[in-house]
Every structure is written in C-alpha cells, then in structure tokens.
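The values are calculated or read from the model by the stated rules, or taken from the named source; none is laboratory data. The shown structure was predicted, so the numbers you read here are calculated from the model rather than taken from an experiment. Neighbour counts run over all protein chains shown; Cβ positions are idealised from the backbone, glycine included.
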Amino acid sequence: MSLPPELLDMIIDETSRIPNKARRTKALVALSLVSRSFRERAHNHLFASINMNFGRGAEGAIMDALRWLLDLMEADPNTTTSGLASRITSFACSPPCSVGDPLPGILNKLFLGRGKACTLYISFTSPASWSSLSEDVAQELFNICHRPRLAFLSLWNLRKIPRNFLQHSFIKRLSLNNVSVSKSRLKDSFFAGISDQGHRGAVILESLHFCGEDPILASLLTTSRREMEPEVIFSQVQELFLYFLSPQIDPKFSTGEILTRCNGNLETLKMSLDGRHPNPRTALPFHRFPALHTFEITAINCRSYRPLCDIAIILEQIAYHPNLQNIELHLMHPLNGPMQNVDAIRVSLEGLGCEALDDLFEKPRFACVRSLSLKFFFKLDHEEEFAGPWTSADYKFLILWRFPVLSRRWDISLTVDVELDFA
C-alpha cells in the first residue's frame, strides 16, 4: 500500500529539520533507499546545497570532489531537467586559480537547465586574473551570467575582469570581494545570440554586496560605452552591503551618492565606517527608505578615539522609522596600552564612547527598534603584560554595564559579543 504524497512530504520535511548535520544527512540517505518516491523527495534536501570550500592547501581534495560531482551529473540522463543538477539551489567552491576540468562541466550542467533558481559562490584560493583562467572556465563564468537560472553570483579573488563582462546579463543579485576590472572588453563574438536579452546600458540590481579596494562599480555595472547614471543601476536595489577599502572612490559611486540614488525599495543596508566612507557627518538619506528594516555599521580603524560617537552621529540622522527593527554594530578597535588591571581596562572601554550610543535610545524615534547587536573585535597588544585571566565574557560584562538605558529597555533584545585578538 502506497502512502499519500502529503505524508511522504511530511516525513521528509521533518527529517530535514534535524539540527545535527551528520545525523540529518544519514537519516535522509536512509529514507532515500526506501522507495523511488522517498528518494525523489530526499534528494531535494540532500543535494540542495553543495559546499566545496576546503580551505588553503586542499586543492587536491577540491579537484577530487569536483570530479566526483561531475561523474554523478553525467551518470544522470535527466540531470538538468529533473535530476541531480536541477535539485542544486546553492553551489559554493574554492578552486585553485589554475582550475580547468571538471569545473566548466559542472557549471554548464548547473545553469543550462531552467530548474529552481541557483546561487553560485566562486572564491579562488589565491587571487587569479581573468587572463590566467582556462578558456573553458572563463567562457562558463560568462555564460552563467546570461542564463536565467542564476539567482545570486558571488565572486572572490578574481582580478582584471573585462569591463563589459555583465553586458546583457540576467544578473540581479551580485557579490564582489577583492575583484577588479580591466580596461579591456570582451569581443562581440562572446555575445552572439544573447544581444537581445538583459539590460544593454547598465546592470540593474536588486542586491549588491561589495568589498574591495578599487572603484570598480562604475566600470562593471555600466556595461555600455556610454556612462549610465547611478540612479538607473540602483533604482531597484533591496539589499546593499558597501565596504570600501580604498580612499580612491568614484564620486558618483561613493556610499553617500549610491544611497541618494536608491529608491524606496531598500530593506537592508550594511556599510563600513573608517573615517572616510562616509564621513560620519555626511548626510545619509534615511528618509528615502520607508521599507528599511535592518541597518548595520562596521567601524574599521576609525580616526576618532571614540568610534561609537561617530556611529551615534550617523544614527542621529534617523528620524522616526516604523519599519527599522534591527540594528547591528560591529567595532574593530585596538585597546590602548597594556591591560594590566581592571582599572586600565575600564579606562580603555570608556574611550569607545558607549554613553553617546546609549543616550540615543532614550529618544522616541528609536521606539520601534526591537534588536540591537553589538559585536566588538578588540586587538590587545603585549599579551605578556596582560594580567589576570580575563576572557571575552569579562569584557562583555563591563560593556553591558556601560549601557544603562538600553539595559532598561525591556522591548529591545540587546546582545553583546566580544572577540579578543592578541598581537
């Protein structure tokens, strides 16, 4: 007697919620052997996300895993329609820069079909230039940007990408980390048969994650020979993560200018603050983002001795905002001087400017905030001079003590995390 499909789905779905990954995988594999109906449903969970990030020095293991995956795909005659490749919705890989086969074959099968949307994360183990890639890898990276199954593309450590790489692409969600753009352009032959799809003049994004040193956004997102205005590129953006690591920023693509060009669709904003991008007193148009619900700042090497004061200046610009419920603040900061006793630690923490941030949350404009997360990354010099068995938990206690207003806000979930780094 066969079981109703609804019951099969319930069994598989409950199994997929087992918290322990090893136990969950073992249980799903066992269920997949029960019958064809169980196998079809179990494989949707077993192969949904594939991660081949093994870290540095594991190039051999990565290549073996890639060959194994390609063999499985090639053994499945329906891989791109209803089989293995069509079930994968997230694929992450950290290949060596010299990678060739089997990566092009995997990418081809993943994105050739029209199955569920798939996210691709490619992080080269060391910086690679576009010209150093094998011809097949370069061609497939270009091809996937022009296929509708691509949901999100994340590229790490790829240098000197041709500036018209994304022309006519389907890309809507993009992440670039340690990526640069060259002055060269792909030949027209690359675009044969696809010149009538996508946006010709610019890449119009819904999500952008950017972390890099070079002002590449204008070069890569403006895909025509005529420069497009940022308000076209960012008119539909919903998620924006901007971490500029260089002072040489195109004025039209600075943090302030990009935000000015965004429309009311923006829901998540994450940005860095290092005293340059942006200057804490630069006006940011929060009033333009009625849908904004999450705001995050990462303060890196702030010029100010009191970096939380700089963050408070930015937050002061936020008027009453009914949808803004989550604020996350990350602080990377050296603690000055040897930490030989608790008094020295307290003096150093006082220099962060906790009281300026705490005072903000007495104001009615922040009444709708429901979650505030503070993450501190402290660099401590001279570990040999540090006295006492102080841990991250000890610092957390002292920091919480410096936020009396927030501690009294029963309607805000306040979390503090501390990570110590000894030089």
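Return the only residue of ASN53, ASN78 being touching a residue at least 12 places away in the same chain (Cβ under 8 Å) and of a type outside the set (Lys, Arg).
Going through ASN53, ASN78 in turn, just one is touching a residue at least 12 places away in the same chain (Cβ under 8 Å) and of a type outside the set (Lys, Arg): ASN53.
Restricting attention to the stretch 398-423, report how many residues are modelled with pLDDT of 85 or more, surrounded by fewer than 16 Cβ atoms within 10 Å (Cβ to Cβ) and aromatic (Phe, Trp, Tyr).
Adding up the residues that qualify gives 2.
Does the stretch 289-306 include one or more residues that are in contact with a Ser or Thr (Cβ under 9 Å, 6 or more places away or on another chain), at pLDDT below 75 and surrounded by fewer than 19 Cβ atoms within 10 Å (Cβ to Cβ)?
Step one: list which residues in the stretch 289-306 are in contact with a Ser or Thr (Cβ under 9 Å, 6 or more places away or on another chain), which gives 292-300.
Now restrict to residues that are at pLDDT below 75: none.
No, because not a single residue in the stretch 289-306 is in contact with a Ser or Thr (Cβ under 9 Å, 6 or more places away or on another chain), at pLDDT below 75 and surrounded by fewer than 19 Cβ atoms within 10 Å (Cβ to Cβ).
Can you tell me which residue is nearest to ILE161 (Cα to Cα) among those in the stretch 117-132 that are in contact with a Cys (Cβ under 9 Å, 6 or more places away or on another chain) and surrounded by fewer than 20 Cβ atoms within 10 Å (Cβ to Cβ)?
So, considering only residues that are in contact with a Cys (Cβ under 9 Å, 6 or more places away or on another chain) and surrounded by fewer than 20 Cβ atoms within 10 Å (Cβ to Cβ), the one nearest to ILE161 (Cα to Cα) is SER129.
So SER371 ticks every box in (1) within 30 Å of LEU292 (Cβ to Cβ); (2) modelled with pLDDT under 90; (3) among the small types (Gly, Ala, Ser) but one. Which box is left unticked?
Here SER371 meets the rest and fails (2).
Failed condition for ILE258, given (1) surrounded by 16 or more Cβ atoms within 10 Å (Cβ to Cβ); (2) at pLDDT below 80; (3) not assigned by TED's automatic domain parsing to the domain that holds PHE378, with all others met?
So ILE258 meets the others, but not (2).
Is there any pair linking a residue in the stretch 395-416 that is in a helix (DSSP H, G or I) to one that is surrounded by fewer than 16 Cβ atoms within 10 Å (Cβ to Cβ), with Cβ under 6 Å and at least six apart or on different chains, and which?
From residues that are in a helix (DSSP H, G or I), the pairs are VAL405/GLU362; LEU406/LEU414.
Give the residues of the stretch 24-73 that are farther than 19 Å from PRO102 by Cβ and within 28 Å of the chain's Cα centre (by Cα), sorted by residue number.
Correct list: ARG24, THR25, HIS43, ASN44, HIS45, LEU46, ALA48, SER49, GLY55, ARG56, GLY57.
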